[in-house]
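A.B. asks: One structure, as structure tokens, below. Some questions next.
The values are calculated or read from the model by the stated rules, or taken from the named source; none is laboratory data. Model, not experiment: these values are computed from the prediction. Don't worry about glycine lacking a Cβ; one is built from the backbone with ideal geometry, like all the others, and counts go over all protein chains shown. To get the accessible areas, we keep the full protein, side chains included, count just its heavy atoms, and leave off ligands, DNA and RNA. Shrake-Rupley method; radii C 1.70, N 1.55, O 1.52, S 1.80 Å.
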Amino acid sequence: MTNNFQRFPLLSYSLKGNVRWLLLGAVAVVGGTVSFLTPMVTGFLVDFVLRGDSSGLLGPLKTLADRVGRDYFLANLWVLALALLLVTGLSALFNHLRGRFTAMAAEGIALRMRSALYTHLQDLPYDYHKHTSTGDLVQRCSSDVAMLRRFIGVQMLEILRTVVIVAVALSIMAPINGALALASTVTFPVLIVCSGVFFKKVRAQFTLADEAEGRLSTMMQENYSGVRVVRAFGQQKQEIQRFRLLNSDYQAKSYRLSRLLGAFWGISDGLGYLQIFTTMMLGIYFCVKGELTVGNLMIFTSYTSMMVWPVRQLGRVLSDFGKATVSLGRLEEIMSAPVEKEPGRALTPEIRGRVEFREVCFGYDRPDDVLKGVSFTAEPGQTVAILGSTGSGKSSLVQLMQRLYRCTSGGVYIDGVNVDDIERHHLRRNIGIVLQEPFLYSRTIAENIKIVRPDASEQEMRAAAATAAVDEVIMEFKDGYDTMVGERGVTLSGGQKQRVAIARMLMQQAPIIIFDDSMSAVDTETDRAIREALRNRRSRSTTFIISHRITTLCEADFILVLENGRVADCGTHSELMSRDGLYRRIADIQTLAGDEEVSDQCRA
Amino acid sequence: MQGIEEQDFDQKLDLGTWKRLFKYAFSYRGVVLQILLTMGTVAAIDICYPLLARYAIDNFVVQRSSQGVLPFALLYLALVVLQSLGTWMFVERGGKLETLITARIRDDAFCHLQELSFSYYDKTPVGYLLARTVSDVTSISEIIAWSIVDVMWALVYAVGCFAVMFALSPKLALIVMLIVPFLAVVSVYFQRRILRCQRDVRKVNSRITGAYNESIMGAMTTKTLVREEANYGEFKVLIDEMRRTSVHSSVLSSTFMPLVMLLGSVGTAMAVVFGGGMITVGAISLGTLAAFINYTTQLFDPIQSLARIMAEFQTAQASAERVISLIDTPLEIREKPEVERVFGTNFEPKRENWPPITGEVEFKDVSFGYNQKELVLKNFNLLVKPGETIALVGETGAGKSTIVNLVCRFYEPTSGQVLIDGVDYRERSSLWLQESLGYVLQTPHLFSGTIEENIKFARPGATRQQVEEAARLVSAHDFITALKDGYDTQVGEGGALLSTGQKQLVSFARVILADPRIFVLDEATSSIDTETEKLIQRAITRILKGRTSFIVAHRLSTIRDADRILVIRDGGISESGSHSELMALRGYYYDLYTNQFRDEQQMQALKEAGE
């Protein structure tokens, strides 16, 4: 068992603290067998009280009958009614508890599973997310968890309940009449196998129907989103034909599913009632022969119908077992992916902002590395601009500072400490970055900007937004800063998103800030306004700016020109303008094309 | 689909809505009738079992006689067989009815959507439409079909039970029936709460899915902002709520069922007390008492069934209204009856009456607004000769797309006329125009299926040879044949398996094969690699040849080569002429062109440095 737990860390984690609910559930299941007393009470009533026949009574009941006597019960029928109510009351209580404990177990397991998965997903390195499909992960985290929740929390207790019911029923029936007891379970093996086999088939057909529905809804979705193309080519009629084909295909497949289900319920109902019929007819036979009392016949038929329907479900539950293991395997696979670790000493030094790259190489396991020996130093408060050709490794360079990736060789040093030795959360808190395509959380703009410091004042928030030149834009929205963004809110333009992300990053008050081409969707004038506002801030952070705009680049203390993973050139605007190279080529193009700004603003 | 706020649930039942929806069911009269008959039979057999037991007890067991046991057994067996067949039949027929209704409502909704105007599509997100036509339709059909099954059974069973009990012993029947009102109240109360609770569970569940989604999509941002713990804190609130609501929902259900059974046993207890007494005085037989005990333990079934169905209808009210309102949305663009008579409809065109199109397009005093308040175009006039290429440039929102939308008759002018070959296009059917129209979107839209199927979209009857010819003409052939399955390559949902450039080329081939007289292109702004860019430019030149073309243009090459360039500003033409004429003007176009030129040069330089 221990071995298995080690093999399934997620499973053992989720079971922790919930085993007691499962055990309590099991107790309630056993307690629920009190309902087996109900037929006994009616049996006692019929045999002894009404007919004066105590021959078929079970031990304790017989003692009771002998002690109290028939006349007492006849005069006080309410005693039996009360007993009946008491027994049903108890069984109702146990049933209720079973439901409650089962729910506690199932939901407790699901809670811990979800929690573990979520934490794990967040701690996985960025590289993992880059190479895994979002839809697939989300699918696993929802439907596989649901599958396991149902199986471990609900169905395992169902199996137990079925076994207990059959065992208790047989142990009561066997002493009364062994042959009849045996006969009362004769169809069970067939019933179990039949439902197991059927549900395999049903599932296969269900998958087919599901796929057909998938095709149909994809078709519909494409039709709705491609409505212009459809109309422009006048294809409505053909589209309807295509739709009808898929629609009737789905109809046929799901109807076939109903046919299978019909066969299953019909046949298993038949088998179940056949079992009750068998018990009854044989019981009548024994009664006529005088070997069984009326009350006991009632007990036998009641017990048989109490057993039949759970047994029918058993086959189905057992066939779910395979599915549950598959689900578990898939989830354990996610959990087995290694999370981000601290490769070094996990220091949390105060960060002033000196950044040094020493012979940094980096590659995504490919022969031609993204960065091939990059070295430079930025002093605290300096602004470094980066101009790079397409695919030159600019983004990788800044991501290495935050240790989103790790250098393959060489090292990045912050205030003289290798980033590998700095605790990653501390490191990231001290480095602000704005991505080219920023991600905003689906909540209000205010919550997005204040996301790293939710307790910041309104004033601070608006100041940051003003620096990012987005305050006025936000105030123009109907709900201002309370406007929802993301999936359930308004769609911001690329430039607006970038500016909100800049404001968000400024709230971080980090000593090192990075703009990864993050003003590309902002027009030149706003771009200039933002840069000016940044310059006027009280504290100067070490700033990295990736851009193509010479007007942006030329203000930096120095400019790195990256080509094919190497620093092709480095210097101030005037230095770079004095040599032939990518920088001057770009500058020339921008000046030539009538952008007077370049010559206006970039006089060194 | 998460973006759609669902309307709230506790709405009053609106019988009118459901009456319309039930019409769908009753159009399958045969199936409905079969279901009703089956359920009647099944319920009748269910009522028979306690009677059979009664007969057995009174005649065989008490008398200790086996006389007549064989016919009894045969009858019993026959009922078992009949009931199994009944179960088989109702599950199958019920499923059939459900799937038929689903397909029918969906068909109505889909066909209606094919005719709804663009103003509807503009304000309705695709996710909303999809939710209406998929999940809402599914849940409505399910309720309609199975409510017919369940109500019939419950009614026959309940009425039959009481009738039989009454026949056996009116006095005992009346006593036992005292529990019915309590059962009904408890059932109605719980079923409503249970369904409401289940809805809450579903809501939280979809928020949890959303949270997973966000954590994965925003993984990079979360790391850079060190949001892990805060995110987890919020997620924890969600999953705690999930546990709370789920447990609550389970507890409700597991309170309801035992409670109902307990109520049932009150009935049994009364049967014991009063029935027992009646036996001793010989008023009823032992078998009758046993039958009463049996009936009282099952009485709750039909009652809670009816309560559940009522609650389900209430839950589905919002879905039902949304679907009906979609089907009832009026069409804004409607052909005049006389136009339909002569030229046919979209579904039954009368092509023999269609005059051929040469491709002259004229805007005559056209004004247009998407809403009453503001006009996007004001008294717009433009005459385009057959075969002429018009490039539309200008800022976003200036009205370029509106002009194109009007040419395609996606919208009709608020005032003024659009003339095709000198005739107001409202005097012709829209299919007449649209079958002669080719259209390529800014983000090319492909449909799931193979490349060949996509190229053949407008001409499904075309041969492989024609498809290849079209692809060759727009230089798509080479990249297609380089793919593993060539023309049979699946493009994936929305063309996701192809690159943007490849999707462009395929959509060009689609236009070539359709061979339209009028061509509309909304050019993409996104950058594409140099090689594909060249192919696309060449393809555009090929397509433009001999067709009247409107291009919302971004590429300098396309703009330069146009016969006429129109600068659109504030809903009108501010500059018009050839490239050299407009450059000489040194106006808006000049600025636009030089900026664009610079950007393209710069892109080129950055690309070259990286190669």
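Residue-by-condition table, conditions (1) within 12 Å of chain B (Cβ to nearest Cβ); (2) open to solvent by 30 Å² or more (accessible area, probe 1.4 Å); (3) at pLDDT 95 or above:
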position: A:G262; (1), (2), (3): yes, no, no
position: A:Y273; (1), (2), (3): yes, yes, no
position: A:F286; (1), (2), (3): yes, no, no
position: A:V294; (1), (2), (3): yes, no, no
position: A:L297; (1), (2), (3): yes, no, no
position: A:V308; (1), (2), (3): no, no, no
position: A:V311; (1), (2), (3): no, no, no
position: A:G315; (1), (2), (3): no, no, no
position: A:K323; (1), (2), (3): no, yes, no
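A.B. asks: Inside region A:128-164, can you point out the residues that are open to solvent by 20 Å² or more (accessible area, probe 1.4 Å) and β-branched (V, I, T)?
C.D. replies: Of everything in region A:128-164, those that are open to solvent by 20 Å² or more (accessible area, probe 1.4 Å) and β-branched (V, I, T) turn out to be A:T132, A:T134, A:V154, A:I159, A:V163, A:V164.
A.B. asks: I'm trying to understand the selection: among the residues of region B:96-128, which are among the charged types (D, E, K, R), within 9 Å of chain A (Cβ to nearest Cβ), under 19 Å from A:V230 (Cβ atoms) and surrounded by fewer than 22 Cβ atoms within 10 Å (Cβ to Cβ)?
C.D. replies: Passing the criteria: B:D107, B:E115.
A.B. asks: Same structure again: Write out, first by first residue and then by second, each pair whose Cβ atoms fall under 8 Å of each other, whose residues are 6+ apart or on separate chains, and whose first residue, in region A:313-328, is within 15 Å of A:V190 (Cβ to Cβ) while the second is open to solvent by 60 Å² or more (accessible area, probe 1.4 Å) and part of a helix (DSSP H, G or I).
C.D. replies: What qualifies is A:G315/A:V193; A:G315/A:V197.
A.B. asks: I would also like to ask the following. Got at least one residue in region A:518-530 being open to solvent by 50 Å² or more (accessible area, probe 1.4 Å), without any contact (Cβ under 8 Å) to a residue 12 or more places away in the chain and within 30 Å of B:V226 (Cβ to Cβ)?
C.D. replies: No: zero hits.
A.B. asks: From B:T463, B:T489, which residue is more than 14 Å from every other protein chain (Cβ to nearest Cβ) and in contact with a helix residue (DSSP H, G or I) (Cβ under 6 Å, 6 or more places away or on another chain)?
C.D. replies: Unique residue meeting the criteria: B:T489.
A.B. asks: Among the numbered conditions (1) at pLDDT below 90; (2) closer than 21 Å to B:T124 by Cα, tell me where A:L216 comes up short.
C.D. replies: Against the list (1) at pLDDT below 90; (2) closer than 21 Å to B:T124 by Cα, A:L216 comes up short only on (1).
A.B. asks: A follow-up question, please. Considering region A:119-141 alone, what residues qualify as being more than 12 Å from A:L331 (Cβ to Cβ) and without any contact (Cβ under 8 Å) to a residue 12 or more places away in the chain?
C.D. replies: Those that are more than 12 Å from A:L331 (Cβ to Cβ) and without any contact (Cβ under 8 Å) to a residue 12 or more places away in the chain: A:T119, A:Q122, A:H129, A:K130, A:H131, A:T132, A:S133, A:T134, A:G135, A:D136, A:V138.
A.B. asks: Another question, then. Looking only at residues in region B:598-611 that are at the interface with chain A (Cβ under 9 Å from one of its Cβ atoms), open to solvent by 60 Å² or more (accessible area, probe 1.4 Å) and charged (D, E, K, R), which one is nearest to B:G577 (Cα to Cα)?
C.D. replies: B:D599
A.B. asks: Quick one: which residue in B:G282, B:G264 is at the interface with another protein chain (Cβ under 9 Å from one of its Cβ atoms) and not hydroxyl-bearing (S, T, Y)?
C.D. replies: Result of the check over B:G282, B:G264: B:G264.
A.B. asks: On to the next question. What's the number of the condition B:E92 fails, among (1) open to solvent by less than 30 Å² (accessible area, probe 1.4 Å); (2) acidic (D, E); (3) closer than 21 Å to B:M310 by Cα?
C.D. replies: For B:E92, the exception is condition (3).
Residue-by-condition table, conditions (1) of a type in the set (S, T, Y); (2) at the interface with chain B (Cβ under 10 Å from one of its Cβ atoms):
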residue	(1), (2)
A:R140	no, yes
A:L160	no, no
A:S171	yes, no
A:L182	no, no
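A.B. asks: Among the listed residues B:A230, B:A211, B:A219, identify the single one that is within 11 Å of another protein chain (Cβ to nearest Cβ) and in contact with a His (Cβ under 7 Å, 6 or more places away or on another chain).
C.D. replies: Going through B:A230, B:A211, B:A219 in turn, the sole match is B:A219.
A.B. asks: Considering only region A:478-498, I want to know if a residue exists there that is open to solvent by less than 40 Å² (accessible area, probe 1.4 Å), among the aromatic types (F, W, Y) and at pLDDT 90 or above.
C.D. replies: Yes, that holds for at least one residue.
A.B. asks: Here's another thing I want to ask about it. Suppose we keep only residues that are open to solvent by 10 Å² or more (accessible area, probe 1.4 Å) and over 30 Å from A:S35 (Cα atoms) within region A:89-114. Which one would you say is farthest from the other protein chains (Cβ to nearest Cβ)?
C.D. replies: A:R112
A.B. asks: Would you check which residues across region A:215-228 are buried (at least 22 other Cβ atoms within 10 Å of the Cβ) and of a type in the set (D, E, K, R) and list them?
C.D. replies: A:E222, the sole residue that qualifies.
A.B. asks: Among helices (runs of 4 or more DSSP H) lying entirely in region A:383-496, which contain 1 or more residues that are more than 10 Å from every other protein chain (Cβ to nearest Cβ) and touching a residue at least 60 places away in the same chain (Cβ under 8 Å)?
C.D. replies: Filter on region A:383-496 gives A:394-401, A:458-467.
A.B. asks: Something else now. Within region A:244-255, track down each residue that is in contact with a helix residue (DSSP H, G or I) (Cβ under 6 Å, 6 or more places away or on another chain) and open to solvent by 40 Å² or more (accessible area, probe 1.4 Å).
C.D. replies: A:L246, A:D249
A.B. asks: Then there's this: Which one of these is without any contact (Cβ under 8 Å) to a residue 60 or more places away in the chain, open to solvent by 20 Å² or more (accessible area, probe 1.4 Å) and not assigned by TED's automatic domain parsing to the domain that holds B:Q442: B:P356, B:P337?
C.D. replies: Being without any contact (Cβ under 8 Å) to a residue 60 or more places away in the chain, open to solvent by 20 Å² or more (accessible area, probe 1.4 Å) and not assigned by TED's automatic domain parsing to the domain that holds B:Q442 holds for just one of B:P356, B:P337, which is B:P337.
A.B. asks: Residues to consider are B:V272, B:V204; find the one that is farther than 30 Å from A:L404 by Cβ, open to solvent by less than 20 Å² (accessible area, probe 1.4 Å) and either modelled with pLDDT of 90 or more or not assigned by TED's automatic domain parsing to the domain that holds B:V61 (or both). Can you show your working first?
C.D. replies: On the way: B:V272 fails: either modelled with pLDDT of 90 or more or not assigned by TED's automatic domain parsing to the domain that holds B:V61 (or both).
The match here is B:V204.
A.B. asks: Give the residue, chosen from B:T548, B:T481, B:T489, that is crowded, with 22+ Cβ neighbours inside 10 Å and modelled with pLDDT of 90 or more. Write out each step before concluding.
C.D. replies: On the way: B:T481 fails: crowded, with 22+ Cβ neighbours inside 10 Å; B:T489 fails: crowded, with 22+ Cβ neighbours inside 10 Å.
Just a single option satisfies the conditions, and that option is B:T548.
A.B. asks: Go through region A:229-243 residue by residue and tally those that are open to solvent by 50 Å² or more (accessible area, probe 1.4 Å) and either hydrophobic (A, V, I, L, M, F, W, C) or at the interface with chain B (Cβ under 7 Å from one of its Cβ atoms) (or both).
C.D. replies: Step one: filter region A:229-243 for residues open to solvent by 50 Å² or more (accessible area, probe 1.4 Å), giving A:237-238, A:241-242.
Filter once more, keeping what is either hydrophobic (A, V, I, L, M, F, W, C) or at the interface with chain B (Cβ under 7 Å from one of its Cβ atoms) (or both): A:237-238.
The qualifying residues number 2.
A.B. asks: Being open to solvent by 40 Å² or more (accessible area, probe 1.4 Å), within 11 Å of chain A (Cβ to nearest Cβ) and of a type in the set (A, V, I, L, M, F, W, C): is that true of B:V247 here?
C.D. replies: No; evaluated as a whole, the condition is false for this residue.
A.B. asks: Looking only at region B:564-597, how many residues end up being free of Cβ contacts under 8 Å to residues at least 12 places away in the same chain and either away from chain A (no Cβ under 14 Å) or more than 46 Å from the chain's Cα centre (by Cα) (or both)? Break it down stepwise before answering.
C.D. replies: Of region B:564-597, the ones free of Cβ contacts under 8 Å to residues at least 12 places away in the same chain are B:580-581, B:583-586, B:590-591, B:594-595.
Add one more test, that the residue is either away from chain A (no Cβ under 14 Å) or more than 46 Å from the chain's Cα centre (by Cα) (or both), and what stays is B:580-581, B:583-586, B:590-591, B:594.
Of the residues in region B:564-597, 9 are free of Cβ contacts under 8 Å to residues at least 12 places away in the same chain and either away from chain A (no Cβ under 14 Å) or more than 46 Å from the chain's Cα centre (by Cα) (or both).
A.B. asks: When region B:245-285 is examined, which residues are found to be hydroxyl-bearing (S, T, Y), under 58 Å from the mean Cα position of the chain (by Cα) and over 20 Å from B:P181 (Cβ atoms)?
C.D. replies: Those that are hydroxyl-bearing (S, T, Y), under 58 Å from the mean Cα position of the chain (by Cα) and over 20 Å from B:P181 (Cβ atoms): B:T245, B:S246, B:S249, B:S250, B:S253, B:S254.
A.B. asks: Also: Taking region A:1-24 as the search range and keeping residues that are modelled with pLDDT of 90 or more and more than 24 Å from the chain's Cα centre (by Cα), which one is most open to solvent (accessible area, probe 1.4 Å)?
C.D. replies: A:R20
A.B. asks: Which residues, taken from region A:532-582, are open to solvent by 40 Å² or more (accessible area, probe 1.4 Å), polar (S, T, N, Q) and farther than 29 Å from A:G363 by Cα?
C.D. replies: Of everything in region A:532-582, those that are open to solvent by 40 Å² or more (accessible area, probe 1.4 Å), polar (S, T, N, Q) and farther than 29 Å from A:G363 by Cα turn out to be A:N536, A:S539, A:S574, A:S578.
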